[in-house]
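Every number here is computed from the coordinates shown, using simple stated rules; none is lab data. As the structure is a prediction and not an experimental result, all values here were calculated from the model. Positions of Cβ are generated from backbone atoms using ideal geometry, with glycine treated the same way; all protein chains shown enter the neighbour counts.
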Number of protein chains: 2
Amino acid sequence: MTFDLLVHNTSEVLTLRGSPAQPAELALSPIARGAVGVRDGQIAFLGPEADLPPDASGPETVRLDARGGFVGPALVDPHTHLVFAGERAEEFERRNQGASYLELARAGGGIMSTVRATRAASEDELVAFARPRLARLLRQGVLWAEVKSGYGLNLEDELKMLRAVRRLSSEQPVRLVPTLLCAHAVPEEQKHAREQYVSLCLEEIIPRAAAEGLARFCDAFVEEGAFSPGEARRILLAARSAGMVPRIHADQLSDQGGAALASELGAASADHLEHVSEAGIAALSRTGVTAVLCPTSTLFLKARPYAPGRRLREAGVNVALCTNLNPGSAMSESVPLAMGLGCLENGLTAAEAFWAFTRGAALALGLGEAGRLELGGPADLVAFGCASHRHLPYHLAVDHARAVVRRGQVVAEQDVDCTSAGA
Amino acid sequence: MTFDLLVHNTSEVLTLRGSPAQPAELALSPIARGAVGVRDGQIAFLGPEADLPPDASGPETVRLDARGGFVGPALVDPHTHLVFAGERAEEFERRNQGASYLELARAGGGIMSTVRATRAASEDELVAFARPRLARLLRQGVLWAEVKSGYGLNLEDELKMLRAVRRLSSEQPVRLVPTLLCAHAVPEEQKHAREQYVSLCLEEIIPRAAAEGLARFCDAFVEEGAFSPGEARRILLAARSAGMVPRIHADQLSDQGGAALASELGAASADHLEHVSEAGIAALSRTGVTAVLCPTSTLFLKARPYAPGRRLREAGVNVALCTNLNPGSAMSESVPLAMGLGCLENGLTAAEAFWAFTRGAALALGLGEAGRLELGGPADLVAFGCASHRHLPYHLAVDHARAVVRRGQVVAEQDVDCTSAGA
């Protein structure tokens with residue numbers, strides 16, 4: 001068979017065909033000096049380059065020379081808030097100079113400042129603001145990203161955010177997975193009428209988002225100052241009845257039993273987990289809920305501790321990493337930064353960190369075919385400018401993706417050489 | 001006058017014409033909606049765009065539209081080890097999994113592994129390995145970088161490294177400032193004959209490097225396991241007599257009185273300073289020695305504390321930031337990461353962090369004209385894709401430089417939009 005695209009001259013091709021129950025080094029399932037042949041957007045050959053059929057390459061074949069770098073599946077960012085207006089550099093500065101959370105909120109910072117800016121923006125503006133963020137994710141090799149609402153906090157503006165997500169998903173290469181996060185915070189105007197806002201979520205926002213098919217997931221921020229486990233349970237059960245799958249911002253700033261709640265509700269993921277208890281870890285492990293770690297936020301907020309990634313892996317939990325891109329607690333699209341912090345601060349191995357941004361993240365989003373390479377599957381892959389996935393966290397916070405391929409087409413390319421020299 | 005290049009449509013132009021004694025916000029000396037006119041590589045206009053002369057732009061004029069972003073002087077990276085062979089991803093992994101420094105050294109890691117690889121590499125290879133690193137620095141807006149030897153640790157290989165630095169400086173846009181760092185470590189073969197190696201430095205390496213004009217500075221790593229203050233004093237005094245200016249790796253892993261020694265010797269800078277004492281800070285302040293902070297290393301080594309940047313500024317010390325790019329303790333060219341950590345972990349303000357990578361760093365290298373913009377000075381500048389320098393640390397670990405201009409010529413350009421949207 002003659003291929004449309006032939007990826008060759010690799011150090012190895014990581015196929016990620018293993019399971020989260022395996023040690024990550026095995027789960028990456030590498031093919032040394034592998035090649036990938038693509039036909040009609042699908043993987044038609046996946047094996048050692050030496051085993052390529054003699055007619056693999058013809059005059060029409062696009063040859064992608066990996067120049068000794070490794071090739072892996074396209075990346076998946078399983079937790080972002082990349083649709084928003086405004087920015088919070090001032091708040092970042094104040095926090096670095098010692099201001100407390102309360103002082104920041106009093107000075108007009110916090111989620112509510114982003115809610116005000118996002119409500120004031122049109123859908124068109126939200127789309128325009130998000131484009132460069134998606135372009136940065138794409139350049140790094142991301143072809144799937146989850147995006148949450150949660151800066152609207154009323155019917156109209158939550159739907160506006162989700163419609164912006166839908167438009168963005170259709171107009172550029174990164175496919176977006178929409179999550180309704182009306183339970184992000186109680187809006188200012190209902191600060192003294194929480195139950196009224198919970199009712200709005202239950203009776204209007206969730207049904208409308210479901211009716212318009214705008215969200216695959218529903219998320220809730222379970223935290224003191226946000227939503228109680230009881231409120232979150234009501235909201236997520238209603239969302240589940242409406243056909244959305246629950247996920248939870250769990251145990252970020254304190255142990256609220258968020259992990260246990262995620263397990264109870266059959267959530268797709270429990271995200272953050274900086275303060276998860278041993279009981280919470282055991283619950284995730286028992287029920288197969290993915291842990292999505294957000295180390296960039298821990299750094300960005302000057303919060304501690306980082307989530308216990310090592311402990312979660314030892315307990316057999318599927319661990320994913322994300323950028324958590326958002327204007328308040330993680331203003332960064334950098335995948336290599338999150339991978340590096342995942343190793344430095346969450347205690348993951350390089351193999352676990354790569355799994356966490358590919359197959360581990362795909363499982364968190366219920367994406368059957370994403371985050372791995374297999375014969376007959378979609379040819380969504382990245383040729384990296386370095387010889388090993390180990391260089392991604394090690395060569396910290398720099399871009400490593402040389403070419404990003406979506407369904408067999410090169411959709412992003414840059415001159416990258418991160419071979420770390422002489423090795 | 002008609003300009004060769006006209007930079008217009010800025011939010012502001014930061015000129016950095018202040019002094020380190022001023023609060024950094026003032027020292028940045030911004031010009032709101034400023035423009036820069038360039039003629040023959042020099043700045044021929046620097047002021048509000050509204051004040052441009054009517055004949056500023058002719059048919060030959062290259063117009064650089066800043067698209068509402070800010071413009072500042074080209075960046076200066078005052079401390080790197082960017083010439084080396086080999087990589088140490090394995091060591092990074094082991095450290096993240098809990099291995100101690102001693103275990104790493106026993107497993108063949110540490111500086112000596114880079115020394116072995118660098119000795120084995122030819123000068124041509126060292127040049128080739130360093131090129132992509134310089135390209136990454138350039139893309140971020142760096143037009144000056146200090147580079148140290150120190151992985152040769154014998155006459156031949158120290159000179160080979162410095163010759164590689166000289167060649168690299170002449171073949172691409174980033175101008176390199178060479179530093180002899182023979183006092184980086186005692187090489188393995190002289191582990192039990194320290195004095196022999198110190199004599200080699202004093203009698204051969206320093207004189208030869210000076211005779212060939214290969215180094216502007218001489219640096220010494222003052223630390224337990226490296227060089228004692230007494231050994232460093234002898235080496236740096238010899239270097240000073242030979243015409244090099246001292247600088248010191250000071251108080252990184254423990255308080256060795258490195259800051260006081262830097263002050264005593266009239267060093268250009270004391271670098272690292274994680275464990276500097278109050279007496280050391282006072283000495284730097286009294287003698288006007290620049291503190292060069294390396295926060296990427298503190299993160300990368302999982303070391304704590306970070307250097308007391310806030311305290312140093314309060315004491316009136318000129319503070320610079322660097323990448324410290326090297327394969328063992330800071331494998332990262334990311335300027336925004338170092339700036340972000342400078343704010344998050346060293347306690348600098350955004351204005352201080354920008355100063356620290358421009359004028360503050362130029363002062364650390366004794367570069368009179370670099371790191372600021374002034375009429376008649378060289379047109380080395382960067383047009384950033386964001387509206388304010390505050391977005392550089394805030395929008396963490398992503399590239400912000402849209403166009404890099406060296407002597408009036410655009411030497412790097414990329415499609416960057418970091419306006420953080422709607423602000």
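Where along chain A is the Cβ that lies nearest the axis linking it to chain B, and how many Å separate them?
Per the Cβ-to-axis criterion, the result reads A:ALA397, 2.
For each of A:MET112, B:MET331, count neighbouring Cβ atoms within 10 Å of the residue's Cβ, then give the residues from fewest to most.
Details: A:MET112 18, B:MET331 27.
Exposure proxy ranking, most exposed first: A:MET112, B:MET331.
At 7 Å along Cα-to-Cβ for each site, give me the label-to-label distance between A:ARG131 and A:GLU374 in nm.
3.7 nm
At 7 angstrom along the Cα-to-beta-carbon line, where would the label on B:ARG286 sit relative to the other copies? Give the distances in nm, shortest first.
Reported distances to equivalent positions: 6.5 nm.
Provide a whole-number value for the mean count of partner chain Cβ atoms within 10 Å of the Cβ atoms in peptide A:392-403.
Numbers: counts 1, 5, 12, 10, 11, 15, 12, 5, 0, 0, 0, 0.
For this peptide, the per-residue mean of nearby foreign Cβ atoms is 6.
Looking at B:LEU299, B:GLY225, B:ILE235, which one has the Cα that reaches farthest to the positive end of the dipole of the range B:76-364 (charges on Cβ: Lys, Arg +1; Asp, Glu -1)?
In the range B:76-364, that residue is B:LEU299.
Roughly how crowded by other chains is peptide B:77-90, in terms of the mean Cβ count from those chains within 10 Å of each of its Cβ atoms?
3
For every helix of n ≥ 4 consecutive DSSP H residues, a contribution of -39,500 (n - 2.57) applies; sum these over chain A, divide by its total residues, and give [θ] at 222 nm rounded to the nearest 500 deg cm²/dmol.
Details: 17 runs with 144 residues, N = 423.
The per-residue figure over chain A is -9500 deg cm²/dmol.
With the crude spin-label approximation of a point 7 Å out along Cα→Cβ, what separation in nm comes out for B:GLU103 versus B:ARG67?
4.8 nm
If I model a spin label at B:LYS302 and B:MET1 as a point 7 Å from the Cα along the Cα→Cβ vector, what separation in nanometres do I get?
5.7 nm
Apply the Karplus curve 6.51 cos²θ - 1.76 cosθ + 1.60, θ = phi - 60°, to the phi angles in the range A:183-198 and return the couplings in whole Hz, x for Gly and Pro.
Using θ = phi - 60°, the values come out as 8, 8, 7, 7, x, 3, 5, 10, 3, 9, 9, 3, 4, 4, 5, 4 Hz.
Spelling out what I want: for every residue of the range A:56-62, take phi, set θ = phi - 60°, compute 6.51 cos²θ - 1.76 cosθ + 1.60 (Karplus), and round to whole Hz; glycine and proline get x.
The phi angles translate into 4, 10, x, x, 8, 6, 7 Hz.
Where does each of B:THR10, B:THR349 land when they are ranked from fewest to most other beta-carbon atoms within 10 angstrom? Let's see the in-between values first.
Working: B:THR10 28, B:THR349 21.
Ordered from fewest to most neighbouring Cβ atoms within 10 Å, B:THR10, B:THR349 come out as B:THR349, B:THR10.
Averaging over all projection directions, find the projected area of the Cα convex hull of chain A and quote it in nm² with one decimal place.
Working: hull surface 78.6 nm².
Mean projected area for chain A: 19.6 nm², to one decimal.
Restricting the count to DSSP beta bridges whose residues both fall in chain A, what percent are antiparallel, rounded to a multiple of 5? Walk me through the numbers before you get to the answer.
Details: 25 of 56 bridges.
Antiparallel bridges: around 45 percent, rounded to the nearest 5.
Provide an ascending nm list, one decimal, of label-point separations from B:GLU203 to the equivalent residue in each further copy; define each label point as 7 Å from Cα along Cα→Cβ.
From this label point to the equivalent ones elsewhere in the assembly: 9.3 nm.
Just to be sure I understand: of the beta bridges DSSP finds with both ends in the protein assembly as shown, what percent are antiparallel, rounded to 5?
45 percent
What are the equivalent ellipsoid semi-axes of the protein assembly as shown, built from the alpha-carbon gyration tensor (square roots of five times its eigenvalues), in whole angstrom, biggest first? Show your work: numbers first, answer last.
Details: eigenvalues 375, 198, 153 Å².
Ellipsoid half-lengths, sorted descending, are 43, 31, 28 Å.
Could you line up B:HIS389, B:HIS400 from fewest to most neighbouring Cβ atoms inside 10 Å?
Exposure proxy ranking, most exposed first: B:HIS400, B:HIS389.
Could you pull the copy-to-copy label distances for A:ARG311, with points set 7 Å along Cα to Cβ, in nm to one decimal and sorted shortest first?
3.1
Rounded to the nearest 20 debye, what is the charge dipole size of the range A:273-378 about its Cα centre when +1 sits on each Lys and Arg Cβ and -1 on each Asp and Glu Cβ?
Numbers: 8 positive and 8 negative charges, 37 e Å.
Result for the range A:273-378 is approximately 180 debye, rounded to the nearest 20.
Stretched out fully, how many nm does the piece from A:GLU156 to A:GLU195 gain, at 0.36 nm a residue minus the Cα gap?
Numbers: separation 39, 0.36 × 39 = 14.04 nm, distance 1.89 nm.
Fully extending the segment from A:GLU156 to A:GLU195 adds 12.2 nm.
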